[in-house]
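Each remark here refers to the structure printed beneath this line.
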Amino acid sequence: MSPTSYAFFEGDFVPMEEAKVGIDTHALHYGTGVFEGIRGNWNAEKEALYVFRLREHYERLTQGCRLLMMDIPYSVDDLCDITIELIRRCGYKQDIYIRPLAYKSARLIANLKLHELESDFCLMTIPFGDYLETDALRCCTSTWRRPDDRSIPPHFKMTGVYINSILAKTEAVLAGFDEAILLNSDDHVSEGAGENLFMVLDGKLITPPLGDGILPGITRSTIMEVAREELRLEVVESHISRTELYIADECFLTGTAAHLTPMVELDNRKIGDGSVGPISKALREIYFEIVGGNNPKYMHWCTPAVPKAPAS
Ligand code: PMP
């Protein structure tokens, strides 16, 4: 546990229990918020917590703010600094999850608009271990479809959009599976409820293109770069059909919370021989080395936060 839990709320660092919004807050009713999920990974040897691709997360968040017409009084640099300061104040010496949220803070309801409503930014962190409960996922194809750019843009982590993921994940878990795989309205494979998807077929690494209803995942772009650079794999963005997934040699899901987690079964069919494949295994190993701050070549992706020494 962190010694003290603080949040950044209404422009200040405050104890977590003081960070509260009113029940008439616009975002609470209409899902008018945009958030991020960022990981900090504790490196005991270096006595530092490494925040992975911090800047890229805030670039995606501020782009989402533009879509939702939210003016928050912080630049990407400010947001990175606030995050590092909050982590230092909490004094973490363990892996954490970081949750920034920009939201329509206007205290009025029955107002279906984005303009002329004030917005704010808040930030919280929690100690965090594994998100998915297994390293070998059994998944099902969801009956829910991923929305596309014509209805709700999937490019940002907008709070309201997550009802779609939550419906799909609930359906999957209650049916006895670990995770849901969503198709888009054109019947192409899109992504998991909270992860991007990759498959290995004929030695190539294939992932759906941005136009197939996916979130442009930061872990996705990390894996694409590392696969090309470290394993010299051909990486292709292309439509994937459900049938292609059934005959893939390997599949895995990627996300900040999910890391890189192999999927070994889909709709009660084994993927490959039903065990974790060699490419998934190799990528996973390299990925963990990088996010933990143990690969000198990729340290530019890791922002260190050194815990503040307790006051003597
Ligand atoms: N798709 C969805 C729907 C997600 O919620 C997430 C998690 N943020 C991802 C993909 C993976 O994105 P990232 O690698 O940036 O965490």
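Coordinate-derived values only; no laboratory data. This is a predicted model, so every value here is computed, not measured. Positions of Cβ are generated from backbone atoms using ideal geometry, with glycine treated the same way; all protein chains shown enter the neighbour counts.
Can you tell me how much longer the chain between I23 and E234 gets when fully stretched, taken as 0.36 nm per residue apart minus their C-alpha distance, in nm with one decimal?
Details: separation 211, 0.36 × 211 = 75.96 nm, distance 5.05 nm.
Length difference between fully extended and current span is 70.9 nm.
Dimensions of the range 122-178 along the principal axes, based on C-alpha atoms and rounded to the nearest Å, stand at 34, 33, 16, largest first. In the frame of its principal axes, the range 45-203 has Cα extents of 51, 44, 32 Å, reported largest first. Packing-based ranking of 48-57, 201-210 yields 48-57, 201-210, ordered from highest to lowest mean Cβ neighbour count within 10 Å. For the range 6-127, the equivalent ellipsoid built from the Cα gyration tensor has semi-axes of 28, 15, 11 Å, listed from largest to smallest.
Its convex hull of Cα atoms gives the chain a direction-averaged projected area, equal to a quarter of the hull surface, of 16.7 nm². Each Lys or Arg adds one and each Asp or Glu subtracts one; over the other residues with Cβ under 10 Å from the Cβ of F121, this totals -3.
Protection proxy ranking, highest mean first, for peptides 257-263, 154-160: 257-263, 154-160, where packing is the per-residue count of other beta-carbon atoms within 10 Å, averaged. From the alpha carbon centroid of the range 104-183 to that of the range 6-70 is 15 Å.
Take every Cα-Cα pair in the range 137-295 and report what % of them are more than 22 Å apart. If you can, show how the numbers build up before the last one.
Working: 4532 of 12561 pairs.
The answer is 36 percent, as a whole percent.
Considering only A110, A227, A102, the Gaussian network model of the chain with Cα springs below 10 Å gives its largest mean-square fluctuation to A110.
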